[in-house]
Amino acid sequence: MSKANIYAIENPVTHQPGWIGSRVQEGSENTASPYATVGNIAVPNPRMSARSVNVFYDEKQAINNVSLDIGLNEVISMIGPSGCGKSTFLRCLNRMNDTIDICRVEGEITLQDENIYSKSMDAVLLRARVGMVFQKPNPFPKSIYDNIAYGPKIHGLARSRSELNEIVETSLAKAGLWDEVKDRLTKPGTGLSGGQQQRLCIARAIAVSPEVILMDEPCSALDPIATARVEELIDELRQNYTIAIVTHSMQQAARVSQRTAYFHLGNLVEVGETNDIFTNPKHPLTEAYITGRFG
Amino acid sequence: MPVYFVVLAILGLTTIAYHYGRKRALTVSASSNHLHSLPHYYGAWTAIWCSIPALAVLVLWLALQSTIITNIVIADLPSAITDLNEQRIGLVINDIRNYAEGRITSGEISLGIAAAAKHYKELKSLSRMALVVIVLAIAIFGGIMALRLISPDFRARNTVENIIRGLLVICSSIAILTTIGIVLSVLFEAIRFFDQIPITQFLFGTEWSPQTAIRTDQVGSSGAFGAIPLLTGTLLISFIALLVAVPIGLMSAIYLSEYASARLRAIAKPILEILAGIPTVVYGFFAALTVAPFIRDSGGLLGLEVSSESALAAGLVMGVMIIPFVSSLSDDVINAVPQSLRDASLGIGATHSETIRQVVIPAALPGIAGGVLLAASRAIGETMIVVMAAGLAANLTINPLDSVTTVTVQIVTLLVGDQEFDSPKTLAAFALGISLFLVTLVLNVIALHIVRKYREQYD
Ligand SMILES: Nc1ncnc2c1ncn2[C@@H]1O[C@H](COP(=O)(O)OP(=O)(O)O)[C@@H](O)[C@H]1O
Ligand SMILES: [Mg+2]
């Protein structure tokens, strides 16, 4: 089945009562054609919630009317073929898209009921609350210690050297890296292995005590063993943080996340409990993707 | 037959050799249908053997022939002449050559010299003929020997590869050897200088007045060759220039690479680089006619004593001149810092300027240091601006409002005009040259050291 054919399928299940995210239609004055997501986009007591988000790169629309809640202390994974806008959507959640000149975001995204795109919200402070881990490990060319201490120093989180030391130690410990690096804290972070570097980046994000951690394909540059180690870590971090993870591996989504959102060509096609999505996809596009008919 | 005819002949032979080499390779492989390399490699192999040895002999011959002929002629001169001192012999030989070629000689020509000139002329034409015959013979012989070696199993490809590598090595050694040669010749002249003036006086003397009496009967100053005022002058002006260029250059690099829009950058960067293309003499008169008077006048308003030619004027203008060295290189290295590092810093909640200060600049520092040191050596070597704006007075001072002079300026003033090439005054230029060279060398070594240290720490 070609992509064109898949796209031509009209949503056959959008009119099933109860499955449509009820808040999608609310106040939707957006110019783009509404796309009804299958599954329940809302959760009770969300940590972040996005409503009717459209993203444009110049004139090209990359995200089309997406609404999605991210629940407290849950891991939500975002899957979909490459170029479907997963990273773009993720980067809306901490306003990293602000750094791209041609990128324009419409719609409403809230963090703990505060609109993060409102004038009173400082994007810089927002990014301390919504941390990010990138696809390729990107430690600073500084010592392991300084990599972790960077954020706390910038935000003035430590009043003394000993407090800073403590933050560094606990962050590294939470990222499961302390035992491996405690004897080489002054050595450059770039000298670690790829998996260690990625856990260093996670520790760096944790060090400023964010509420949400966004991860954009954090394991795509890692070998299977390092990947397993990071997945374990994600599972542990769920106790204290809300995590949104983009992944191209469906197995990974199945292993680490509670909810899964499937994106296709800028649309949020389906969202639901991870188990449901993988065992019983409702939308034909989702089904086609997870059964491996395209990707 | 002039030399270039010989060269043309060799080239012609080479073309023929290539052709025959190729053909022969095809012939020898025709029966077995097996050939180690492609035919053109056999052509190249033959062509190389035809041309390179012949050309090498040609060059050597031309380089040595005049010395050898002169020596033969001298050996045959009557002992009355050969017993003379070196300078006189040189004069005689000049006469012989000039007479042989029908040019003007120094006064009357003795019979002995006329005979020698005839001898010289004969030897020279003999050498010419021998050159043509021998070189062409070598070319033909080389080509034929190469042709005879061609067989289906002969590894022409590998051999040609090796020869090409050898040629490349020779070319790069020429560059290195030239540098070494220049340094050594300056060094030897400098040593001759230090035979006459003690090195301690040169290195630690605080007075510089190189005017000496040219003839013994002349009354003149005895000359003082203390380089300290020149070195301080050089360092003072370079320091002022760097004080201007490093902050301005670095900041504009940061603005251009981090804040400016792509369009502004495309316009501003070339304009900034034009600064480096302005001839230094233009900067020089800008410094002398505009900046220096301005500084003197505004200094006067403040009640400061400013000489009309000041280190400050030269340094400021020189600073403007070297801005592009700092900015252009820094801009390049800042752009080379991966975007992922900026994303990491921004993603943690750092502001744009925090990211630049704490992540981008440290990562780019080795390159920036390189740019600064390049600018520094440019400043140290700069002459024109200083001649025009800072004066010639060798004052030992660190007051930027005084007039000072620099090493390069003194080298120029020592060497322009009629000079006697073994007076300490002239030789002093070489001593200054070698000191300048050493300073820049030390600067480069330090730069390399810094860069390497950062590399170890950060990669
Ligand atoms: N910086 C950018 N400038 C222009 N277009 C972009 C940029 N980043 C992403 N896009 C476009 O937006 C769409 C979604 O990209 P992305 O969010 O990176 O997809 P994914 O992460 O799902 O692979 C793609 O069509 C891509 O070409
Ligand atoms: Mg992506």
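The values are calculated or read from the model by the stated rules, or taken from the named source; none is laboratory data. Source: prediction; values computed, not measured. Cβ atoms come from the backbone with ideal geometry, glycine included; neighbour counts cover every protein chain shown.
Yes or no, residue by residue, for (1) at pLDDT 85 or above; (2) surrounded by 12 or more Cβ atoms within 10 Å (Cβ to Cβ); (3) touching a strand residue (DSSP E or B) at 6+ places or on another chain (Cβ under 7 Å):
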site	(1), (2), (3)
B:THR67	yes, no, no
B:ILE104	no, no, no
B:LEU123	yes, yes, no
B:MET145	yes, yes, no
B:ARG157	yes, yes, no
B:VAL160	yes, yes, no
Original post:
How many residues does segment B:329-348 hold that are more than 14 Å from chain A (Cβ to nearest Cβ) and surrounded by fewer than 20 Cβ atoms within 10 Å (Cβ to Cβ)?
Top reply: 2
Original post:
Conditions: (1) within 14 Å of chain B (Cβ to nearest Cβ); (2) touching a residue at least 60 places away in the same chain (Cβ under 8 Å); (3) closer than 18 Å to A:ALA244 by Cβ. A:GLN112 meets all but one. Number of the miss?
Top reply: (1)
Subject >> Spans of helices (runs of 4 or more DSSP H) in segment B:225-288 with at least 2 residues among the basic types (Lys, Arg) and on the phi < 0 side of the Ramachandran plot >> reply: B:262-277
Original post:
List the pairs whose first member sits in segment A:76-103 and is on the phi > 0 side of the Ramachandran plot, whose second member is within 10 Å of ligand 2 (Cβ to nearest atom), and whose Cβ atoms are under 9 Å apart, counting only residues at least 6 apart or on separate chains?
Top reply: A:GLY80/A:LYS86; A:GLY80/A:VAL246; A:GLY80/A:HIS248
**OP:** Among the candidates B:ILE104, B:ILE138, single out the residue that is hydrophobic (A, V, I, L, M, F, W, C), under 26 Å from B:VAL3 (Cα atoms) and outside any helix (DSSP H, G or I).
**Re:** B:ILE104
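Under the condition of being of a type in the set (S, T, N, Q) and touching a Ser or Thr at 6+ places or on another chain (Cβ under 6 Å), which residue from segment B:330-364 is nearest to A:VAL212 (Cα to Cα)? Give the derivation first.
First, the residues of segment B:330-364 that are of a type in the set (S, T, N, Q): B:330, B:335, B:339-340, B:345, B:351, B:353, B:355, B:358.
The next check asks that each one be touching a Ser or Thr at 6+ places or on another chain (Cβ under 6 Å); those that pass are B:335, B:345, B:355.
Numbers: B:ASN335: 31, B:SER345: 17, B:THR355: 22 Å.
So, considering only residues that are of a type in the set (S, T, N, Q) and touching a Ser or Thr at 6+ places or on another chain (Cβ under 6 Å), the one nearest to A:VAL212 (Cα to Cα) is B:SER345.
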Subject >> Hits in segment A:115-136 (condition: assigned to a loop (DSSP other than H, G, I, E, B), away from chain B (no Cβ under 14 Å) and surrounded by fewer than 17 Cβ atoms within 10 Å (Cβ to Cβ)) >> reply: A:SER118, A:LYS119, A:SER120
Original post:
For B:THR179, which of the numbered conditions (1) at pLDDT below 90; (2) part of a helix (DSSP H, G or I); (3) loosely packed, with under 14 Cβ neighbours inside 10 Å fails to hold?
Top reply: (1)
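Among the residues that make up segment A:93-104, is at least one of them of a type outside the set (Gly, Ala, Ser), surrounded by fewer than 20 Cβ atoms within 10 Å (Cβ to Cβ), more than 8 Å from ligand 1 (Cβ to nearest atom) and not in a helix (DSSP H, G or I)?
Checking segment A:93-104: at least one residue is of a type outside the set (Gly, Ala, Ser), surrounded by fewer than 20 Cβ atoms within 10 Å (Cβ to Cβ), more than 8 Å from ligand 1 (Cβ to nearest atom) and not in a helix (DSSP H, G or I).
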Original post:
Within segment B:82-106, can you find the residues that are free of Cβ contacts under 8 Å to residues at least 12 places away in the same chain and of a type in the set (S, T, N, Q)?
Top reply: B:THR82, B:ASN85, B:GLN87, B:ASN98, B:THR105
**OP:** Could you identify the single residue in A:ALA221, A:ALA228, A:ALA244 that is within 16 Å of ligand 1 (Cβ to nearest atom), over 21 Å from A:THR291 (Cα atoms) and either among the hydroxyl-bearing types (Ser, Thr, Tyr) or surrounded by fewer than 23 Cβ atoms within 10 Å (Cβ to Cβ) (or both)?
**Re:** A:ALA221
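Of the residues that make up segment A:150-160, is at least one out of contact with any strand residue (DSSP E or B) (no Cβ under 8 Å at 6 or more places or on another chain), farther than 27 Å from A:MET96 by Cα and more than 12 Å from chain B (Cβ to nearest Cβ)?
So far as segment A:150-160 goes, yes, one or more of its residues are out of contact with any strand residue (DSSP E or B) (no Cβ under 8 Å at 6 or more places or on another chain), farther than 27 Å from A:MET96 by Cα and more than 12 Å from chain B (Cβ to nearest Cβ).
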**OP:** Return yes when B:VAL28 is under 17 Å from B:MET145 (Cβ atoms) and in the same structural domain as B:SER125 (by TED's automatic domain parsing) and no when it is not.
**Re:** yes
